[in-house]
Every structure is written in structure tokens, then in C-alpha cells.
Amino acid sequence: LHVLAIGNIYRELRVGTPRLFLQPEAVKRKDEEGILKVLQELPEPVRTRYHDTWKEAHEGKTQESKIARQLDKIEMVIQALEYETLGAPRSRLNEFWSYVRPRINDPDLVKLLNELEEERESISRQSQ
């Protein structure tokens, strides 16, 4: 799981986070290009291992890869919550929450998402 998460975070740092409005194939292509750029810096045995692990994550066939993908979505709403805390308009951040909610199904992550939504409501009440 940590390899999946670290690989995703590192790719985002190097290439950027795909935007919500991109078509899935464009996101997939951008991800593949990004991970290949990141992996080219590694020695061959490590590069192959990480690329195989990355493909596993994006195919979403294992429990670990499903959790990693859901954690990536949770990270989106944590960032949105931080922006809202800093004064960004709530209406501009709603799409993040709407996008993430149906993509979280792990019970512990659903609980975490619910807690984040409660915190968001608390911030909203405080700013009124």
C-alpha cells in the first residue's frame, strides 16, 4: 500500500494532479506519461517493480490498490477543506465533495469522509 501511495504522491508532485473535468482516457494517458518520467530516474530492478505496482494500483484489482485509490480521493477533499478554511468560496469547492462521495466505499474511509464533512459544516456555520 505504501508503494502505491508514495508512487502516486511523487507522480503528482512531478506532473500535477489530473483535473476533474478531463476525460478518463486523458487522465490515464497523463498518469502513464507522468509515472514513466518519474520511474526513468530509478535503476532497472526498482523501476520494473514500481511500474508493476503502479499498474496494479490503476487496474484496481487488489484490496490494497482499491484503498490507495480511495485515499487519493480523500486527499482531494482534505485539500478542498483546507482551501475553504483559508476562505475559498464553498460553492467553488462543492464539485470535489460531489466527485469523491460516491467513490468511497471502504467503511473506515466512509467514516473519515463523514468526519471531514462534519468539519466542513462546522467551518461553514462559523463563517456565517
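The values are calculated or read from the model by the stated rules, or taken from the named source; none is laboratory data. For clarity, every value in this text was computed on a predicted model and none was experimentally measured. Because the Cβ atoms are built from the backbone with ideal geometry, glycine has one as well, and the counts that use them run over all protein chains shown. Side chains included, ligands, DNA and RNA excluded: accessible areas come from the protein's heavy atoms. Shrake-Rupley method; radii C 1.70, N 1.55, O 1.52, S 1.80 Å.
Overall dimensions of the stretch 16-103, expressed as equivalent-ellipsoid semi-axes from the Cα gyration tensor (√(5λ), whole Å, largest first), are 29, 15, 13.
Segment E82..D106, full-extension length gain: 6.3 nm, with 0.36 nm per residue of separation and the alpha-carbon distance subtracted. Backbone phi angles across the stretch 45-51, fed through the Karplus curve with coefficients 6.51, -1.76 and 1.60 (θ = phi - 60°), yield HN-Hα couplings of x, 6, 4, 5, 4, 5, 5 Hz in residue order; Gly and Pro are listed as x. Dipole of the stretch 20-115 (Lys/Arg Cβ +1, Asp/Glu Cβ -1, origin at the Cα centre): which of V46, A26, T85 lies farthest to the positive side? Of the listed residues, the answer is A26. Each part reduced to its alpha carbon centroid, the stretch 23-61 and the stretch 66-109 end up 23 Å apart. Residue-wise HN-Hα couplings along the stretch 91-107, as the Karplus relation 6.51 cos²θ - 1.76 cosθ + 1.60 with θ = phi - 60° gives them from phi, are 4, 7, 9, 4, 4, 5, 5, 5, 5, 6, 3, x, 9, 10, 9, 5, x Hz; Gly and Pro carry x.
Taking the solvent-accessible surface of protein heavy atoms with a 1.4 Å probe, what is the per residue accessible area of the stretch 52-128 in Å²?
Per residue, the stretch 52-128 has an accessible area of 65 Å².
Available extension along the chain between E117 and S91 is 7.9 nm, counting 0.36 nm per residue and deducting the alpha carbon span. A straight Cα-to-Cα reach below 19 Å connects K61 with the aspartates and glutamates E25, D31, E32, D52, D72, D106, residues fewer than 8 places away in its own chain not being considered. When all alpha carbon pairs of the stretch 69-128 are counted in 10 Å bins from zero, the resulting P(r) reads 23, 57, 18, 1 %.
Taking 0.36 nm per residue of sequence separation and removing the Cα-Cα distance, the R49/L36 pair yields an extension gain of 3.4 nm.
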